[in-house]
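Values in this text are rule-based calculations from the coordinates and carry no lab data. Because the structure is predicted, anything quoted here is derived from the model rather than measured. Positions of Cβ are generated from backbone atoms using ideal geometry, with glycine treated the same way; all protein chains shown enter the neighbour counts.
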Amino acid sequence: MESETVKVGSSLVIDSMKEVAKEALIKVPESTSFMPNLPIVDLSKLLSEEVKSPELEKLDRACKEWGFFQLINHGVDMKLVEDVKRGAQELFHLPIEEKKKLWQKPGDMEGFGQMLGSDEGSSNWVDLFYILTLPSHLRKPHLFHNIPMPFRKNLEDYCIKMRELAMNIFVLIGKALGIEAWDIEESIREGGQSIRMNYYPPCPQPENVLGLNAHTDGSALTILLQANEVDGLQIDKHGTWVPVKPLPNAFIISLGDVLEVMTNGMYRSTMHRAVVNSEKERVSIATFYGPGRSGNIGPAPTLVTPERPALFKTIGVTDFYKGYLSPEYLGKPKSYINDVLRIQNGHIEG
C-alpha cells in the first residue's frame, strides 16, 4: 500500500502503518498449551427460560473474572456477518483516490486514518476506519454516504443488529447482577454506537511493534468481529498476555470502562492489545455501544448500598468523554475513571 501521511487531533504526523513502535514488548510464552481459555457464553441458552440460571452464572463469572467472553448462538444472520467482513476488507483495499473521500479531517476522529492519541515511542501498526453510526442523525454525510454499495447497505443492517444484540446483553448483565433488568438497559437505551474497522498489515518485525497498544475500551460494551482468519487479540490475565482464538461464527464481547462505572466496580474492564503477523494482514471490526450524549454515567442506583457505597461519582456523558479523551488521560488505560471518577476514603477525587 502507498505511504499516506496523516495528522489526527493531537497525534503525531506519521506514515500510515509504517512507524515502528519503539517500546519493548512483553514476550508471550512460546507454548500456550497451559493458557486459560476465554469463557464461552451461549446467548440462546441465556434467552431460554429452561436453562437460564446455569448460563447466567457463567455470564456473571466471565464478567467478573475476565471482562471478556465469546458469544455463540447469538442469532445474527451469518450471511450479513460474512457480507460485512468482506466489505470491511474491500474498504481497506480501495484505490487511494476513493479513500481520500473518506479521510479523517484535521482534529476529527472519524474516517480513514490513525489511532487518536498516538505519541512518540508507542505507535500502533494499524490503519483504521472509524465512524459514528447510531443515532443516525449524528452521522457525517460525507462519510457514511460515500461508503461504497453494497457495503453501505450491509453496514446499515449490521448496525441495527448490533444494537439489538447489545441491548440483549445489557438486559442479561442486569439479571446476572441481580438487579432490575431496566437499571442497566435504561441507562443505555437510545445510546450511541460507533464502529471501528482495523487493518493490520503484515509487519517485517512483529516482535518490535504492536497493532494496538494495551488499552481498555471507553465504551460500555464492545462487540468484536474477526474479519479474516488471522488472530491477534491478547487479553491481560493476571499479568500474562493470553492469546484469543476466535470461535467460528462467534462475537468477542468486551466490557468497557463505562460499564465498570455503571456496575459500581462489580464488573471490570480488562486491558487488551493486538499483535501483528509477519506474513498476513488482519482485519477486525469493533462495534462500541454506550449511553447517549444527554445521559449520565455513574453507578446504577440499585448497586449502591450501605455495604457497598458508590465507588465512582456520576457525571454527564459529554463531560465524561471530554475528560476521557483529553491529552492528560488519552492513551492511559483506566486513568480517567480511577483518577477523576473514583471515590476514595469517602471523598470524591477530581
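Projecting the Cα positions of Tyr329, Leu255, Ile343 onto the charge dipole of the range 232-350 (unit charges on Cβ atoms of Lys, Arg, Asp and Glu, taken about the Cα centre) puts Leu255 furthest along the positive direction. Annotated for the range 85-235: lysine pairs at least 8 residues apart or interchain, Cα distance under 26 Å, count 19.
The tail of the calculated P(r) for the range 301-340 beyond 10 Å holds 73 percent of all Cα-Cα pairs. As a proxy for reagent exposure, Leu177, Leu59 were ordered by neighbouring Cβ count within 10 angstrom, fewest first; the result is Leu177, Leu59.
For the range 137-245, the Kirkwood hydrodynamic radius comes to 17.1 Å, computed from all pairs of different C-alpha atoms.
Each Lys and Arg contributes +1 and each Asp and Glu -1, all at the Cβ; summed about the Cα centre of the range 222-292, the dipole is approximately 100 debye. Here the range 61-217 was treated as a single set of alpha-carbon atoms; its pair distances binned every 5 Å from 0 give 1, 7, 14, 17, 18, 17, 13, 8, 3, 1, 0 percent.
Can you list the GluC sites (Glu not before Pro) in the range 249-292 that are in a DSSP coil and have 13 or fewer other beta carbons within 10 angstrom?
Qualifying residues, ordered by number: Glu279.
For Gly292, the residues whose amide H sits under 5 Å from its own are Gly191, Gly192, ignoring neighbours fewer than 5 places away on the same chain, with H placed 1.01 Å from N. Expressed in units of 2.2 N^0.38 Å, where N is the residue count, the Cα radius of gyration of the range 218-344 is 1.18. Each residue in Met162, Met271, Met262 was given a count of other beta-carbon atoms within 10 angstrom of its own, and listing them fewest first yields Met271, Met162, Met262. With neighbour counts taken as other beta-carbon atoms within 10 Å, the residues Glu207, Glu110, Glu65 rank, fewest first, as Glu207, Glu65, Glu110.
For the range 278-350, the Kirkwood estimate of hydrodynamic radius, built from reciprocal distances between every pair of different alpha carbons, is 14.5 Å.
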